[in-house]
Amino acid sequence: MQFDIITLFPGIFESYLSESILRNAVEKGYIHVRFHNIRDWANDKHLTVDDRPFGGGPGMVMKVDPVVPCVEAVQQMEEDPGHLVLFTPQGRTFNQRIAEELVQEKRILLLCGRYEGFDQRVYDLLRPDEISIGDYVLNGGEVAAMVVLESIMRLIPGVLGDEDSAKVDSFSEGNRLLEEEQYTRPREYRGLSVPEVLLSGNHQEVDKWRMQNRIERTQERRPDLLDQ
Ligand code: ADE
């Protein structure tokens, strides 16, 4: 799967992509990640990418001029222009269902803004899939892009070891329950013991306990998931 990340700060992604599962996914060729710096498309001598908003008000707006030609050039780098995602708090709220939808794409462009957002004509001309990762405001789309990239790539068959991928994650299609409590050695720590049933060796009883534990935890912490 091809990811094209369009940003003013490609350096933010460096260490993130060079560690652990993501590094492995890149090295094994499950994902290809390219970076495109919006500033490379700025066309004045100061390499301006933002400007004051018409009508006044605080902050700066990302200019339509470098952004649209930059995205179009990236789209045209391949025959498949790809699925364009733009990160903004005004977008649809990201969740596991959207990750499952996006993993079907062959190529995804992740457009990260900074400052107070993009000139409206960026939206009008590019018609992006606008995504928010939650009801809070970040300094820019880069962290959101990492969230979305990570949740998509772990759905690509082979990226996680068999052990992990066999597990049906919470929030995935057909699973609206939280995970059960987990224990590993030691059996007792500071007076807290592992539930007896997990040590019993009785797989049927273990499965029953796990399902019961998941239902109880979901009822207690996320009753909204049971209503869906
Ligand atoms: N950019 C700023 N805040 C954001 C958010 N919550 N989600 C996605 N992109 C953003």
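Derivation of every value follows stated rules applied to the coordinates shown; laboratory data play no part. Because the structure is predicted, anything quoted here is derived from the model rather than measured. Heads up, the Cβs are rebuilt from the backbone with ideal geometry, glycines too, and the neighbour counts pull from every protein chain shown.
Search the structure for amide H atoms under 5 Å from the amide H of L109, placed 1.01 Å from N in the peptide plane, and list their residues when 5 or more places away or on another chain.
D4, H83, L84, V85
Calculate I(q)/I(0) for the chain by the Debye formula, one identical point scatterer on each C-alpha and no solvent, and give its log10 at q = 0.14, 0.15 Å⁻¹ to two decimals.
At q = 0.14, 0.15 Å⁻¹ the computed log10 ratios are -0.96, -1.05.
Using a Förster distance of 35 Å, how high is the FRET efficiency between S15 and Q90, based on the Cβ-Cβ distance and rounded to 0.05?
On the way: r = 29 Å, r/R0 = 0.84.
Rounded to the nearest 0.05, the efficiency is 0.75.
Rounded to the nearest 5, what % of DSSP beta bridges with both residues in the stretch 1-94 are antiparallel?
Numbers: 2 of 8 bridges.
Bridges in the stretch 1-94 that DSSP calls antiparallel: roughly 25 percent.
Calculate one ³J(HN,Hα) per residue across the stretch 67-73 by plugging θ = phi - 60° into the Karplus curve 6.51 cos²θ - 1.76 cosθ + 1.60, and present them in order as whole Hz with x for glycine and proline.
5, 5, x, 4, 4, 4, 5
Let me have the relative contact order for the chain, percent, based on Cα pairs under 8 Å that are six or more residues apart. Before the final figure, lay out each step's value.
Details: 311 pairs, mean separation 43.9, N = 228.
In percent, rounded to a whole number, it is 19.
About its Cα centre, how strong a charge dipole does the stretch 16-146 have in debye, to the nearest 20, once Lys and Arg get +1 and Asp and Glu get -1 at the Cβ? Don't skip to the end; give the middle numbers.
On the way: 14 positive and 21 negative charges, 37 e Å.
About 180 debye.
Convert each backbone phi in the stretch 114-129 into a coupling constant with the Karplus relation 6.51 cos²θ - 1.76 cosθ + 1.60 (shift: θ = phi - 60°), then list the ³J(HN,Hα) values in order as whole Hz, x for Gly and Pro.
9, 6, 7, x, 9, 3, 3, 5, 4, 5, 5, 7, 9, 6, x, 7
With a ≥ b ≥ c the root eigenvalues of the C-alpha gyration tensor of the stretch 81-142, is it rounded (a/c under 1.5), prolate (a/b larger than b/c) or oblate? Intermediate values should be presented prior to the final figure.
On the way: a/c = 2.05, a/b = 1.22, b/c = 1.67.
Since a/c reaches 1.5 but b/c is at least a/b, the shape of the stretch 81-142 is classed as oblate.
Tell me the volume per residue, in Å³, of the convex hull enclosing the alpha carbons of the stretch 105-191. Can you show the working numbers first?
Working: hull volume 16.3 nm³, N = 87.
Enclosed volume per residue, from the Cα hull, is 187 Å³.
Highest mean first, what order results for 15-21, 116-122 on Cβ atoms within 10 Å? Walk me through the intermediate numbers first.
Working: 15-21: 12.4, 116-122: 17.3.
With the highest mean Cβ count within 10 Å placed first, the list reads 116-122, 15-21.
Can you tell me how much longer the chain between Y136 and R221 gets when fully stretched, taken as 0.36 nm per residue apart minus their C-alpha distance, in nm with one decimal? The partial results should precede the final answer.
Numbers: separation 85, 0.36 × 85 = 30.60 nm, distance 2.09 nm.
So the extension gain works out to 28.5 nm.
Hey, what did the stretch 1-85 get for relative contact order, percent, Cα under 8 Å, at least 6 apart?
Numbers: 81 pairs, mean separation 21.7, N = 85.
That works out to 25 percent.
Quick one: Karplus J couplings for the stretch 177-185, per residue in order, coefficients 6.51, -1.76, 1.60, θ = phi - 60°, nearest Hz, x for Gly and Pro?
10, 6, 5, 7, 5, 10, 9, 9, 4
What is the extension gain from R23 to R97, computed as 0.36 nm multiplied by their sequence separation minus the C-alpha to C-alpha distance, in nm to one decimal?
Working: separation 74, 0.36 × 74 = 26.64 nm, distance 2.46 nm.
Length gained between R23 and R97: 24.2 nm.
Average the reciprocal distances over every distinct pair of alpha-carbons in the stretch 1-118, invert the result, and give the Kirkwood radius in Å.
Taking the inverse mean of 1/r over all distinct Cα pairs, the stretch 1-118 comes out at 15.8 Å.
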